[in-house]
Amino acid sequence: MALGNGPWTAEIVELLAKRLGENSLLDKYIEWMLRQQNDKRLALAVEVQPVQQKRLVRAVEKGLLRNT
C-alpha cells in the first residue's frame with residue numbers, strides 16, 4: 001500500500017509489475033497501486049500546445065466573450 005501512496009517513480013512501477021500475477025489475492029492491491037502510480041505520473045506531465053493551437057484557442061475564447 002505504501003508504494004501506491006508514494007511519489008511516482010519508474011522503479012516502483014517496475015517492481016509492482018513484476019509482482020503482478022504471483023498471488024491472486026494481492027493482485028487487486030497491486031493493480032490499485034499501479035493505478036495510483038499512473039495517476040501521479042499523469043499529474044506530473046506537462047501539456048505543451050503548439051503556437052498555432054494556442055492562437056486558435058485564444059481567438060475562440062475572445063470570440064465567445066464578445067458574443068455573450
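The values are calculated or read from the model by the stated rules, or taken from the named source; none is laboratory data. Since the model is a prediction, treat every value here as computed from it, not as a measurement. Glycine gets a Cβ as well: all are built from the backbone with ideal geometry, and neighbour counts include every protein chain shown. Ligands, DNA and RNA are stripped out before the accessible areas are found, and what is left, the full protein with its side chains, is counted by its heavy atoms. Shrake-Rupley method; radii C 1.70, N 1.55, O 1.52, S 1.80 Å.
Report the semi-axes of the equivalent ellipsoid for the chain in whole Å, largest first, where each axis is √(5λ) for an eigenvalue λ of the Cα gyration tensor.
The answer is 42, 13, 9 Å, longest axis first.
How big is the charge dipole of the chain about its Cα centre, in debye rounded to the nearest 20, if each Lys and Arg gets +1 on its Cβ and each Asp and Glu gets -1 on its Cβ?
Dipole magnitude for the chain comes out near 580 debye.
Express the accessible area of the chain per residue in Å², computed with a 1.4 Å probe while the remaining protein chains stay in the model.
On a per-residue basis, the chain sits at 86 Å².
Can you work out ³J(HN,Hα) from phi for every residue in region 3-10, in order, using Karplus 6.51 cos²θ - 1.76 cosθ + 1.60 and θ = phi - 60°, giving whole Hz and x for Gly and Pro?
With the stated coefficients, region 3-10 comes to 5, x, 7, x, x, 6, 9, 5 Hz.
Spelling out what I want: for every residue of region 27-42, take phi, set θ = phi - 60°, compute 6.51 cos²θ - 1.76 cosθ + 1.60 (Karplus), and round to whole Hz; glycine and proline get x.
Couplings: 4, 4, 6, 5, 4, 4, 5, 5, 5, 4, 5, 5, 4, 5, 5, 5 Hz.
With a 1.4 Å probe and all protein chains left in place, how much of the accessible area of region 1-62 comes from carbon and sulfur atoms, in whole percent?
Result for region 1-62: 59 percent of the exposed heavy-atom area is carbon or sulfur.
Among the lysines, which have Cα under 22 Å from the Cα of Lys62 when same-chain residues fewer than 8 positions away are ignored?
Straight-distance partners of Lys62: Lys54.
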